[in-house]
Amino acid sequence: MVVRLTDLRKDFGSRAALGGISLEIRAGESVAVMGPSGCGKSTLLNMVSGLDRPSGGSVVVGGEDLGALDEKGLALFRRRRIGMVFQFFNLLDDLPALDNIALAGRLNGMTVRQARKRAEELMDGLEIADRRDVHPASLSGGERQRVAVARALMNRPALLLADEPTGALDSRSGDAVVELLTELNHLGQTLVLVTHDPRLAARCASRVVEMADGRISGEHVADRGVGRGTERAR
Ligand SMILES: Nc1ncnc2c1ncn2[C@@H]1O[C@H](COP(=O)(O)OP(=O)(O)OP(=O)(O)O)[C@@H](O)[C@H]1O
Ligand SMILES: [Mg+2]
């Protein structure tokens, strides 16, 4: 089991953003979390990634009980075990693409050489090798998101988390990111994806978890591949 959430709760003041979530995610699964704005999707990801602490319940990721870690332990956990991709990329504007990616490895103890080598391999694999010296401001949205995915994969995370990864992209670059995430999952990467887009969920996820009001309101096996053929044929 890569993720085990048990009766997870998060309050902001008197408001319960998460009202008791229990969920297990196995290695190799791709889980889409869906639900209306404000239902707690990002809060849930922040708990799984150790960016924020729960008010109650427990989060175990890769066998590690996050409640038992201090701040330093959580920071290490995030760096080593988790890759994150966000709607607005969160790249560093002052660094060219390659260094944005390599930095994640440097922060995790790689030498400059090791980090650059791995970053180059990832850029190759994501077909953005020719953008290595370009700064984020001069990249397209789709290219920025691929740089962000490469950065997230730098330390071979047990778990890749993505919060609306196609939310800021036009449909073509969005589709490319969808393809990429799907491929990564087929290669064995465990993936948790927050999205408003049912098409993205259908294509990327093996399981869809529906949230409403800080709780899981439903769950179903995704209809994988539906729409794929027709998209391709267009
Ligand atoms: N840091 C915070 N302080 C106070 N309230 C917060 C904080 N973060 C989230 N909330 C509240 O918790 C609830 C869940 O927010 P969350 O961001 O998880 O929703 P979401 O499902 O990701 O929504 P969206 O689809 O719009 O991104 C909302 O009511 C939000 O206002
Ligand atoms: Mg959100």
Residue within region 47-68 that is under 30 Å from Arg131 (Cα atoms), away from ligand 2 (no atom under 16 Å from the Cβ) and charged (D, E, K, R) present: no
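Which one is nearest to Thr190 (Cα to Cα), of the residues in region 42-65 that are in contact with a Ser or Thr (Cβ under 9 Å, 6 or more places away or on another chain) and touching a residue at least 12 places away in the same chain (Cβ under 8 Å)?
First pass over region 42-65, keeping only residues in contact with a Ser or Thr (Cβ under 9 Å, 6 or more places away or on another chain): 52, 57-61, 65.
Adding the requirement that they be touching a residue at least 12 places away in the same chain (Cβ under 8 Å) leaves 52, 57-61.
Numbers: Asp52: 21, Gly57: 23, Ser58: 20, Val59: 16, Val60: 15, Val61: 12 Å.
Once the filter is applied, the top-ranked residue is Val61.
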Per-region count, region 112-149, residues without any contact (Cβ under 8 Å) to a residue 60 or more places away in the chain, within 26 Å of Leu74 (Cβ to Cβ) and open to solvent by less than 70 Å² (accessible area, probe 1.4 Å): 5
So Leu92, is it at pLDDT 95 or above, open to solvent by 70 Å² or more (accessible area, probe 1.4 Å) and among the aliphatic types (A, V, I, L, M): yes
Members of region 158-182 that are away from ligand 2 (no atom under 16 Å from the Cβ), open to solvent by 10 Å² or more (accessible area, probe 1.4 Å) and closer than 28 Å to Gly109 by Cβ: Ala158, Leu180
Residues within region 187-225 that are modelled with pLDDT of 95 or more, hydroxyl-bearing (Ser, Thr, Tyr) and open to solvent by less than 20 Å² (accessible area, probe 1.4 Å), tallied: 1
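The values are calculated or read from the model by the stated rules, or taken from the named source; none is laboratory data. The structure presented is a predicted model; accordingly, all values stated were derived computationally and were not measured. Neighbour counts are summed over all protein chains in view; Cβ atoms, including those assigned to glycine, are modelled from backbone coordinates with ideal geometry. Keep in mind that these areas ignore ligands, DNA and RNA; they rest on the heavy atoms of the full protein, side chains included. Shrake-Rupley method; radii C 1.70, N 1.55, O 1.52, S 1.80 Å.
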